Amino acid sequence: MPGTFFKSLASGSSGNCSVITDGEFMLVIDFGISLKRFTAFLNDEGLEPDSIALMISHEHSDHAGNVKLFRKKISGEIYARRKTLEACGVSGYAMQENMAFGSFSVSSVGVSHDAVDPVGFVIERSGRKISVVTDLGTVSEGLIDAMSGSSIIGIEANHDLEMLMNGRYPEHLKRRISGPKGHLSNDQCASLVASVYSGDARVILMHLSKENNRPEIARNTVISAMVSAGISSPDVMVATQEAGSDKIFL
Ligand SMILES: [Zn+2]
Ligand SMILES: [Zn+2]
């Protein structure tokens with residue numbers, strides 16, 4: 001449907017924000033970008049949604065750094081797990097596991113990350129599923145179940161493990177990033193994508209490390225795993241810090 005799309009506005013450790021809209025209602029996932037950038041996006045796209053809801057995945061500043069500004073300047077409600085709202089120091093609604101927003105229904109799925117109550121989001125509309133899951137160190141069976149069959153798979157491919165281990169980060173940071181409450185490597189991302197993929201899903205690799213990854217390495221790793229799993233002509237793109245992703249129509 002025209003006007004119904006997903007887009008990442010920015011993805012990476014310097015700021016994250018994605019939107020899903022049906023033209024009337026806009027779901028915003030995370031607000032780690034500037035207010036200026038967000039409003040410029042609305043203006044450039046000519047979007048004037050009747051209502052906006054912000055959902056916060058977890059309290060880290062690259063996801064929640066500007067939620068107070070959102071609260072002040074944008075007329076929209078904020079939803080997050082109760083502990084996450086507290087950690088962000090912002091008022092809002094406690095996110096239930098399943099919630100309806102306009103024509104969308106949203107499940108928040110707990111993930112393993114070093115935050116108070118981090119979640120990924122699985123959004124459904126007219127039988128189509130969009131997963132947006134970043135900032136996790138391991139993949140649970142529950143997450144695979146929740147993401148299975150998504151038409152749009154927005155998933156973290158944070159680092160190439162070899163680049164991370166041979167890179168200049170201090171040891172404690174290497175351990176944190178590669179640990180169970182850190183971030184997904186390209187290989188972890190690839191095996192997750194191969195196991196949840198169905199039909200003609202479009203894959204968007206998100207939250208790539210500038211230091212420990214390269215878009216082509218991430219993309220090739222995921223495509224190889226998909227091809228090995230028997231998926232022909234995989235559709236895999238990379239969301240960047242500067243430009244996010246293309247608009248993907250639902
Ligand atoms: Zn992050
Ligand atoms: Zn994080």
Based on this model, can you work out whether Ser75 counts as modelled with pLDDT under 95 and either more than 20 Å from Gly3 (Cβ to Cβ) or within 16 Å of ligand 2 (Cβ to nearest atom) (or both)? yes
Of the residues in the stretch 46-92 that are within 20 Å of Val106 (Cα to Cα) and among the acidic types (Asp, Glu), the one that is surrounded by the fewest Cβ atoms within 10 Å (Cβ to Cβ) is Asp50
Take Asp187 and decide whether it is part of a helix (DSSP H, G or I) and at negative phi. yes
Could you grab me the full set of residues in the stretch 165-176 that are within 16 Å of ligand 1 (Cβ to nearest atom) and either crowded, with 22+ Cβ neighbours inside 10 Å or not hydrophobic (A, V, I, L, M, F, W, C) (or both)? Tyr169, Arg176
Return the residue satisfying two criteria in turn: it lies in the stretch 110-121 and is part of a loop (DSSP other than H, G, I, E, B) and surrounded by 19 or more Cβ atoms within 10 Å (Cβ to Cβ), and of such residues it is farthest from ligand 1 (Cβ to nearest atom). Asp117
I'm trying to understand the selection: among the residues of the stretch 140-159, which are under 16 Å from His207 (Cα atoms) and either acidic (Asp, Glu) or assigned to a loop (DSSP other than H, G, I, E, B) (or both)? Glu156, Ala157, Asn158
In the stretch 175-189, how many are more than 14 Å from Asp160 (Cα to Cα) and either within 13 Å of ligand 2 (Cβ to nearest atom) or β-branched (Val, Ile, Thr) (or both)? 2
So which of Glu211, Glu162, Glu216 ends up being over 30 Å from Arg82 (Cα atoms) and part of a loop (DSSP other than H, G, I, E, B)? Glu211
Subset of the stretch 122-152, residues out of contact with any strand residue (DSSP E or B) (no Cβ under 6 Å at 6 or more places or on another chain), more than 16 Å from ligand 1 (Cβ to nearest atom) and of a type in the set (A, V, I, L, M), comes to Val139, Ile144
Among (1) modelled with pLDDT of 95 or more; (2) of a type in the set (Asp, Glu); (3) over 24 Å from Leu143 (Cα atoms), there is one condition Asp62 misses while meeting the rest; what is its number? (3)
Options Ser198, Ser233, Ser185; residue that is buried (at least 19 other Cβ atoms within 10 Å of the Cβ) and hydroxyl-bearing (Ser, Thr, Tyr): Ser185
Which ranges mark the helices (runs of 4 or more DSSP H) fully within the stretch 1-109 that have 2 or more residues being within 16 Å of ligand 1 (Cβ to nearest atom) and in contact (Cβ under 8 Å) with a residue 12 or more places away in the chain? 61-64, 82-88
Could you please give the count of residues in the stretch 88-124 that are over 16 Å from Ala146 (Cα atoms), more than 16 Å from ligand 2 (Cβ to nearest atom) and at pLDDT 95 or above? 8
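The values are calculated or read from the model by the stated rules, or taken from the named source; none is laboratory data. These numbers were taken from a predicted model, which means no experiment stands behind them. Neighbour counts are summed over all protein chains in view; Cβ atoms, including those assigned to glycine, are modelled from backbone coordinates with ideal geometry.
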